[in-house]
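The values are calculated or read from the model by the stated rules, or taken from the named source; none is laboratory data. On a predicted model such as this, the values are computed, not experimentally measured, just so you know. Because the Cβ atoms are built from the backbone with ideal geometry, glycine has one as well, and the counts that use them run over all protein chains shown. When the accessible area is computed, the model is the full protein with side chains, heavy atoms only, and any ligands, DNA or RNA have been set aside. Shrake-Rupley method; radii C 1.70, N 1.55, O 1.52, S 1.80 Å.
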Amino acid sequence: MEIEDLSDDLLARSQNFQTAQGINFALANIYRLLAANRISTRRASVLAFINSLLLRTLPAIDYDHATGHKDPTASEEVTVDPAASPSDDSPSVAPPASVAAGWTTEPDATKKPS
């Protein structure tokens, strides 16, 4: 039994999962494949869950872009601005509330664990 490669169908118009619209397209792709009975309901559920996690990271990605954070694994030339002072290293943009809320290190004692 040969497994069908559905990656092109799943990733169509997903915009590399960097926008809400791209993630919406990915979810629509999952829906189409499920409706056509080309993927199992279990696989569709897992993919939809992963998409929901990706969607939750978009505010953090926006924050990284706004504060100039770059991919540390990407190779690129580093240019130093001689006019920049050491204090220019601190972020000038506050993180979105949804990002800042995720930065807590201790669980909320008033909430029951799920």
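The set of residues from region 17-33 being modelled with pLDDT of 95 or more and either of a type in the set (S, T, N, Q) or closer than 17 Å to VAL46 by Cβ (or both) comprises GLN21, ILE23, ASN24, ALA26, LEU27, ALA28, ASN29, ILE30, TYR31, ARG32, LEU33.
Is it fair to say ALA26 is exposed (fewer than 13 other Cβ atoms within 10 Å of the Cβ) and without any contact (Cβ under 8 Å) to a residue 60 or more places away in the chain? Taking the combined requirement at face value, the residue does not satisfy it.
Please work out if LEU55 is open to solvent by less than 50 Å² (accessible area, probe 1.4 Å) and part of a helix (DSSP H, G or I). So that I can check it myself, show each step before the final result.
Numbers: open to solvent by less than 50 Å² (accessible area, probe 1.4 Å): no; part of a helix (DSSP H, G or I): yes.
So LEU55 does not fit the description; no.
Candidates in region 1-23 are the residues that are assigned to a helix (DSSP H, G or I) and open to solvent by 100 Å² or more (accessible area, probe 1.4 Å); of these, the one that is farthest from TYR63 (Cα to Cα) is ASP8. Here VAL46 clears all of (1) surrounded by fewer than 14 Cβ atoms within 10 Å (Cβ to Cβ); (2) in contact with a helix residue (DSSP H, G or I) (Cβ under 8 Å, 6 or more places away or on another chain); (3) among the β-branched types (Val, Ile, Thr) except the condition numbered (2).
Identify all residues within region 29-40 that are assigned to a helix (DSSP H, G or I) and open to solvent by less than 100 Å² (accessible area, probe 1.4 Å); write none if there are none. Within region 29-40, ASN29, ILE30, LEU33, LEU34, ALA35 meet the criteria.
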